[in-house]
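Visitor: Can you keep this structure in mind? I'll have questions shortly.
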Amino acid sequence: MDAAPQIIKTNVGIVGGGPAGLMLSHLLSRAGIDNIVIEKRDHDTIHNTHRAGILEAGSVKMLTDTGVDGRVLTEGHRHDGIDLRFNGVSHRLDFQELVGESVWLYPQNEVFVDLAAARKRDGGDVRFSVTDSEVLDLETDVPKIRFIDADGQRFEVHADSIAGTDGSQGICKRAIPAEERTDNFIAYPFAWFGILTQAPPSAPELIYANSEHGFALISQRNESVQRMYFQCDPTEDVSDWTEDQIWNELQKRVDGPDGFTLKRGPIFEKMVLPFRSYVCEPMRYGNLFLAGDAGHTVPPTGAKGLNLALADVKVLFDAIEMFYATGSRDLLDGYSDNALERVWKAQNFSYWMTSMLHSRNDHSSFERKRIQGELNSVVTSRYGQQYLAEAYTGWPHG
Ligand SMILES: Cc1cc2nc3c(=O)[nH]c(=O)nc-3n(C[C@H](O)[C@H](O)[C@H](O)COP(=O)(O)OP(=O)(O)OC[C@H]3O[C@@H](n4cnc5c(N)ncnc54)[C@H](O)[C@@H]3O)c2cc1C
């Protein structure tokens, strides 16, 4: 018979050590609230997984003001705008001039490295490479997490609350009984073909391009590595594409009378990113609180996924902190409604950017022309530009 699990008593048990889980752990520890993070992957695997790259001003403030690290400011790049490009013509939206804000280009895997280092520096309890994790007794005063650590030792965490920050494929949301949650979900009939390339930047800021051949995003990483995407079929197989074919496909989506030409280089990563929008309602069940991708996913067009995860964490942290400071459960009880307010605004923005910039096979000529009208409405209206700039740089954390 297996030995009984070792019991760990703590205030908050956190399932998932991505940006949401580690940031929550960091904030809680700073407030003197005991917590443990369990993460199924190892540090280096997460470090080497390339995902989001754009941080809202509020996300940057969370990293710098709470003493995670200032690397985002020294190694990240401040972007004061983006280009919307259609009919081969670029229209720059100047975020500083429109709303007085900026975003930062700083890859998610570096955010992870900074957060993991800060947890280590501050003596945080983060268990990587765990297996067999499960959550139980969620509707009781002592919700629990069971897991086996990297050395094969079994543990049972007894907490006051559990944060489900285990991403879109995690266990926490599925632990909410189906009759207690609504899964709001749509899939899009396209995906992004993404590449990482060893090349100099083709442009100083992100270019979101709508073209008759479909969407393309020209993004950056640093001086020598660039990130680019083009719209593709969700069933596309990256191994069917040669480097020349990829570059030609990207180039024809940004071609225009200005002769804009992409700077090419060797491609060292290729992936297909399916597009989905999902929201779990409510984001709470008993003493389980979902945050980040565990509670919702957005298509990447508006660069909201990572930022939304950190915004949830701020709302959840405020609620937990109030509980330990005053004994009041008011903010915990309001957590789901409060977090969902921003989530649905971000869902709307991501959906809007996605539908305005992508083409669909079932689009009539009317719909194609209407989209041109929509893009034109944005770039010729200060109010249209301001809405996009405000949403892209991020609403204030409330
Ligand atoms: C390929 C890709 C590209 C993306 N590009 C963009 C982009 O350009 N812009 C943007 O804004 N967003 C993008 N996103 C979304 C963004 O990466 C997410 O929104 C962000 O990672 C959310 O952070 P999180 O901490 O909530 O979840 P995650 O980063 O997914 O972290 C969850 C963690 O939980 C762990 N976990 C899962 N199950 C368990 C378990 N049972 N036990 C213990 N641990 C568990 C996982 O290993 C993971 O480390 C992209 C996502 C993907 C997949």
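Visitor: Looking at the structure I just gave you, is Glu56 within 16 Å of the ligand (Cβ to nearest atom) and either assigned by TED's automatic domain parsing to the domain that holds Gln108 or open to solvent by less than 10 Å² (accessible area, probe 1.4 Å) (or both)?
Guide: The answer is yes for Glu56.
Visitor: From Arg121, Arg71, grab the single residue that is in contact (Cβ under 8 Å) with a residue 24 or more places away in the chain, farther than 24 Å from Gly295 by Cβ and surrounded by fewer than 17 Cβ atoms within 10 Å (Cβ to Cβ).
Guide: The conditions single out Arg71.
Condition check ((1) in a helix (DSSP H, G or I); (2) aromatic (Phe, Trp, Tyr); (3) within 15 Å of the ligand (Cβ to nearest atom)) across all residues:
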{"site": "Leu306", "(1), (2), (3)": "yes, no, yes"}
{"site": "Ala309", "(1), (2), (3)": "yes, no, yes"}
{"site": "Phe317", "(1), (2), (3)": "yes, yes, yes"}
{"site": "Tyr335", "(1), (2), (3)": "yes, yes, no"}
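Visitor: What's the number of the condition Phe86 fails, among (1) assigned by TED's automatic domain parsing to the domain that holds Ile38; (2) buried (at least 20 other Cβ atoms within 10 Å of the Cβ); (3) hydrophobic (A, V, I, L, M, F, W, C)?
Guide: Tallying (1) assigned by TED's automatic domain parsing to the domain that holds Ile38; (2) buried (at least 20 other Cβ atoms within 10 Å of the Cβ); (3) hydrophobic (A, V, I, L, M, F, W, C), Phe86 fails exactly one: (1).
Visitor: Considering region 353-384 alone, what residues qualify as being more than 16 Å from Pro189 (Cβ to Cβ), open to solvent by 50 Å² or more (accessible area, probe 1.4 Å) and part of a helix (DSSP H, G or I)?
Guide: Ser365, Phe366, Lys369, Arg370, Asn376, Ser377, Arg382, Tyr383
Visitor: Can you find a residue in region 86-103 that is among the aliphatic types (A, V, I, L, M) and either within 11 Å of the ligand (Cβ to nearest atom) or modelled with pLDDT under 95 (or both)?
Guide: So far as region 86-103 goes, yes, one or more of its residues are among the aliphatic types (A, V, I, L, M) and either within 11 Å of the ligand (Cβ to nearest atom) or modelled with pLDDT under 95 (or both).
For every residue, the table says whether it meets (1) farther than 30 Å from Pro266 by Cα; (2) open to solvent by 50 Å² or more (accessible area, probe 1.4 Å).
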position: Val130; (1), (2): yes, no
position: Ile176; (1), (2): yes, no
position: Asn184; (1), (2): yes, no
position: Thr197; (1), (2): no, no
position: Ala209; (1), (2): no, no
position: Glu212; (1), (2): no, yes
position: Ala216; (1), (2): no, no
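Visitor: Can you list the strands (runs of 3 or more DSSP E) lying wholly within region 109-185 that have 3 or more residues being touching a Leu at 6+ places or on another chain (Cβ under 6 Å)?
Guide: Once the strands (runs of 3 or more DSSP E) in region 109-185 are filtered for at least 3 residues that are touching a Leu at 6+ places or on another chain (Cβ under 6 Å), what remains is 161-164.
Visitor: Regarding region 267-275, can at least one residue be identified that is open to solvent by 70 Å² or more (accessible area, probe 1.4 Å), more than 28 Å from Tyr106 (Cα to Cα) and outside the structural domain of Asp137 (by TED's automatic domain parsing)?
Guide: No, the conditions are met nowhere in region 267-275.
Visitor: As an exercise: evaluate Val313 against (1) assigned to a helix (DSSP H, G or I); (2) crowded, with 23+ Cβ neighbours inside 10 Å; (3) more than 15 Å from the chain's Cα centre (by Cα); (4) within 16 Å of the ligand (Cβ to nearest atom) and give the number of the one condition it does not meet.
Guide: All conditions are met except number (3).
Visitor: Next up: When region 159-183 is examined, which residues are found to be touching a residue at least 60 places away in the same chain (Cβ under 8 Å) and within 14 Å of the ligand (Cβ to nearest atom)?
Guide: Once the filter is applied, which keeps residues that are touching a residue at least 60 places away in the same chain (Cβ under 8 Å) and within 14 Å of the ligand (Cβ to nearest atom), region 159-183 yields Ile162, Ala163, Gly164, Thr165, Asp166, Gly167, Ser168, Gly170, Ile171, Cys172, Lys173, Ala175.
Visitor: In this structure, does Asp237 turn out to be of a type in the set (D, E, K, R) and loosely packed, with under 14 Cβ neighbours inside 10 Å?
Guide: Yes, satisfied.
The values are calculated or read from the model by the stated rules, or taken from the named source; none is laboratory data. All values derive from a computational prediction rather than experimental measurement. Don't worry about glycine lacking a Cβ; one is built from the backbone with ideal geometry, like all the others, and counts go over all protein chains shown. These accessible areas exclude ligands, DNA and RNA; they are computed on the full protein's heavy atoms, side chains included. Shrake-Rupley method; radii C 1.70, N 1.55, O 1.52, S 1.80 Å.
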